[in-house]
Amino acid sequence: MVVAFIQRAIMQGIPLLFGSTGEILTEKSGNLNLGTAGVMYVGGISGVIGAFLYEQSVETLNPVLAVLIPLLSSMVGSLFMGLIYAVLTVTLRANQNVTGLALTTFGVGFGNFFGGSLIKLSGLDVPSITLTQTSLFFKKSLPFADKLGWFGEIFLSYSFLAYAAVAIAIVMSVYFNRTRSGLNLRSVGENPATADAAGINVGKYKYASICLGSIIAGLGGLYYVMDYACGIWSNDAFGDRGWLAIALVIFAIWRPNLSIVGSILFGGLFIVHNYIPNLSMSAQELFKMTPYVVTIIVLVIISMRRKREYQPPESLGLSYFREER
Amino acid sequence: MSTQVAIELKNITKTFGNVVANKDVNLTVNRGEILSILGENGSGKTTLMNMISGIYFPDHGQIFINGEEALIKSPKDAFDYKIGMIHQHFKLVDVFTAAENIVLGLEEKGRYNIKKSTAEIQKICDKYGFDIDLNKKIYEMSVSEKQTVEIVKVLYRGADILILDEPTAVLTPQEIKKLFDVLRNMRKDSKSIIIITHKLNEVLEISDKVSVLRKGEYIGTVQTSEANESILTEMMVGKKIDLNIERSDVEEKADRLLINNMCYVSREGVKVLNHVTFAARSGEILGIAGIAGSGQRELLESIAGLRKLKHGSIIYNNPKNGNQENLRDKTPVEIRELGVRLSFVPEDRLGMGLVGNMDIVDNMMLRSYKKGKGVFLERKGPKDLANKIIDELEVVTPSANTPVRNLSGGNVQKVLVGREIAASPTVLMAAYPVRGLDINSSYLIYNLLNEQKEKGVAVIFVGEDLDVLLELCDRIVVISSGQISGIVDARTTTKEEIGLLMTKTDGGEKNEQ
């Protein structure tokens, strides 16, 4: 029971981990992308579109292509979302909050429209698309995991995307703190005028981190459909995971390595109601609320501590342009 | 010491629209030499330095570096010519350590290794005698430490020509002494240093040569050894110009506002106002003269109740009932009700006085929003007032319902001053009320102030143009580094006297002892 809970919590947490590491990368460049929910949704549906078209076009699936096609189409979809956001906020200096919220609305609408279209195309009675075959390839875990008992179940029973999420978070943490380019990126998010004066191309760094951040976040959507939901797409099933990912950024105080622990905690809090017997519906909803409550508590604590390292990047949410002085 | 020329400017001219910021400026700085650039506010010192550091490009003239003509089009070009500028406002990332800030943006070969870089930076610090912890975060640093980081940053990038824009403005006397020691060390190392300042004693102490600018024009260069304070002041302020501003005489004068021992310490811990004592009398325009940033803004805002004083009192003699009241620690609303009005024109005209996106009527209501009954606004009064101001002050506007943002600077100013005067104040404070206005609008504002004075209002006028101060005001308080360096009678004083008082710093002299 405990082992199963931990396992489910981790699986629940992986989409959040993708979303929050992507968002952390974006926010470190000083751009607050509230469109992450939409980006993840588009990442999911784009993968579904790729997989659907591939499944429809061939009799038997090639394992490599079955993974590669949804993966690439998901990345292209979320890159496209990231580009919209980057053009609007970096080049045109639109308000980041408004742009992000619009992007969420757009992304969800985009996903539901294509989700609905594919459901019609598949001609089934149920309001969902089933991509079981593709999902099987995505869910492939290490073959010897079963033989190692609880250890195998907790640590080795996941698909490659889950390990990729953890790896990306660790690599990003190293990138921020141990590389010259990471230092430059952080300076762009903290104080773009200073970065500019030091000869750093502010626009380039912002574009790169927004686009890459969106791609990473989009993978969270793909993981959710292909692995967590076993290849079944139904509209709006993704829920408010995008917002949880943004809350997780704050919880992890903009550190990708803390985000790993945080995502598992959030995942656990999100599903813990299933493991407490005899809960009423309303009590279940109360339990689902806990990740947000925890985030608020963290916000209160970091505000009280007043330590500058725990604060968001200083110019987060502000557009930068080199003024004529 | 070699006498090789490091940088030479020939006939540099720069205009912004119709404003000539620099006209035919010629300068030379040798290796191992410190040049001071001296001038009043708006004399074009910073513009000139910005052309050397690649922020502006000159309209005419040439820059020679080590004898060869140089085209400096961007800060990066300047850096390639080994020119480094330390701006007045530091460009540092607060949450980074000193070392991280210093290596930021550098494209060095090899792996990023902050420890190795730190060791190299430490060598530079030891060489010139900088005393700084490179692993300390910027936000934990004092202003002088931040300045040190900026200087080390420029040196680490290999600069041979250093430009410091008013480096001493924010430092304590002890820190200034330290800075000067470091500058002397760099001079020994045959670096060239250009330092912008308007403190005469510092000029005489640190530099080898002094170049003086006045209203964008190059006045001349003198060897510091041959200069003294009065020569430099005369070069800096020039001869008096007649403006023919009316000045009426008011017979009855009474002390309206008594400022006693006012001390204000900024959040950064800098003493901005230091034992300021003076009286503002009714029927008199009291001028406040001083180099920009000497504490004028803090002084007015403290009287208006916007800042918390450390010491001192602000005694207000209420003409209605003859009571004496201390304005210190009163809220702005309480102070306003007593009749003290602040018409403040900071750098952003629309910052503190008016709301740009609101129309003239709504801006009138910012003063009367507490009047009236019920939840609905009383609009008639403010509307009449708006129309009255538009008529009487000849505000050029399509209607009273035009957002003030769309008005020109002069008209915005008329609206602001008009509103403040309409409230029939007993004390009227105006800071730089004619900044950016054309001549006609300026005279209109002078007349308005004179009118108020004749009505028995105590007017406090903060100005920057000495000619205007001399003709408009009755008495002039000269403030220097937050201290009053003199109170003079505007009818008998001279421009030179005020100029000398403005640049007098007690701090520097104490430092010498």
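What follows is calculated from the coordinates using simple rules that are stated; it is not laboratory data. Predicted model only: the values in this text are computed from it and were never measured. Note: ideal-geometry Cβ built from the backbone for every residue, glycine included; neighbour counts use all protein chains shown.
General observations
- Each Cα pair under 8 Å and six or more residues apart adds its separation to the average, and for region B:355-423 the resulting relative contact order is 41 percent.
- Most tightly packed first, judged by the mean number of other beta-carbon atoms within 10 Å of their residues, the peptides B:248-254, B:265-271, A:76-82 read A:76-82, B:265-271, B:248-254.
- Neighbour-count order for A:246, A:119, fewest beta carbons within 10 angstrom listed first: A:119, A:246
- The longest part of chain A holding none of the exposed loop GluC sites (Glu not before Pro), meaning those outside H, G, I, E and B in DSSP with at most 11 other Cβ atoms within 10 Å, is A:60-322.
- Length-normalised contact order for chain B - Cα pairs under 8 Å, 6+ apart - percent: 16 percent
- Among B:367, B:405, the order by Cβ neighbours within 10 angstrom, fewest to most, reads B:405, B:367.
- Remark: region A:26-33, residue by residue, has Karplus-estimated 3J(HN,Hα) of 5, 5, 5, 8, x, 10, 8, 9 Hz, where x stands for each Gly or Pro and the curve is 6.51 cos²θ - 1.76 cosθ + 1.60 at θ = phi - 60°.
- Cβ-placed point charges (K, R +1; D, E -1), dipole of region B:83-178 about Cα centre in debye, nearest 20: 320 debye
- Between the listed residues B:218, B:472, B:49, the Cα displaced farthest toward the positive end of the dipole of the protein assembly as shown, a dipole computed from Cβ unit charges relative to the Cα centre, is found at B:49.
- Antiparallel %, DSSP beta bridges [both residues in chain B], to 5: 55 percent
- Net charge over other residues, Cβ less than 11 angstrom from the Cβ of residue B:80 (K, R count +1; D, E count -1): +3
- Point-charge dipole on Cβ atoms (K/R +1, D/E -1) for region B:355-423, about Cα centre, debye to 20: 340 debye
- Fewest-first sequence of A:305, A:8 by Cβ atoms within 10 Å of each Cβ: A:305, A:8
- Given charges at Cβ of Lys, Arg, Asp, Glu: the protein assembly as shown dipole, positive-most of B:389, A:214, B:75: A:214
- Choice from A:86, A:245, A:37 with maximal GNM fluctuation in chain A (Cα, 10 Å cutoff): A:86
- Annotation: the antiparallel percentage among DSSP beta bridges lying fully within region B:5-237 is about 55.
- Greater than 29 Å apart at Cα, pairs in B:23/B:178; B:123/B:504; A:28/B:177; A:206/B:76; B:23/B:271; B:91/B:414: B:23/B:178; B:123/B:504; A:28/B:177; B:23/B:271; B:91/B:414
- Axis of helix B:173-188 versus longest Cα principal axis of chain B: the two differ by about 30°, to the nearest ten degrees.
- Sequentially through region B:85-94, phi angles give Karplus couplings (6.51, -1.76, 1.60; θ = phi - 60°) of 10, 9, 6, 5, 9, 5, 10, 9, 8, 4 Hz, Gly and Pro residues having no value and appearing as x.
- Count Lys and Arg as plus one, Asp and Glu as minus one, and take only other residues whose Cβ is under 10 Å from that of residue B:385; the net charge is then +4.
- Nearest 10 degrees, 0 to 90: helix A:36-57 Cα axis against chain A principal axis: 40 degrees
- Amide hydrogen neighbours beyond the local backbone of residue B:486, cut-off 5 Å, H modeled: B:478
- Helix B:409-422 axis, angle to chain B major axis (alpha carbon atoms, nearest 10°): 40 degrees
- Chain A - percent relative contact order, Cα under 8 Å, separation 6 or more: 37 percent
- Among B:39, A:97, A:119 the positive-end extreme of the charge dipole of the protein assembly as shown (Cβ point charges): A:119
- The protein assembly as shown: antiparallel DSSP beta bridges as a percent of all, rounded to 5: 55 percent
- A Cβ-based charge dipole, computed about the Cα centre of region B:5-237 with Lys and Arg at +1 and Asp and Glu at -1, lands at about 540 debye.
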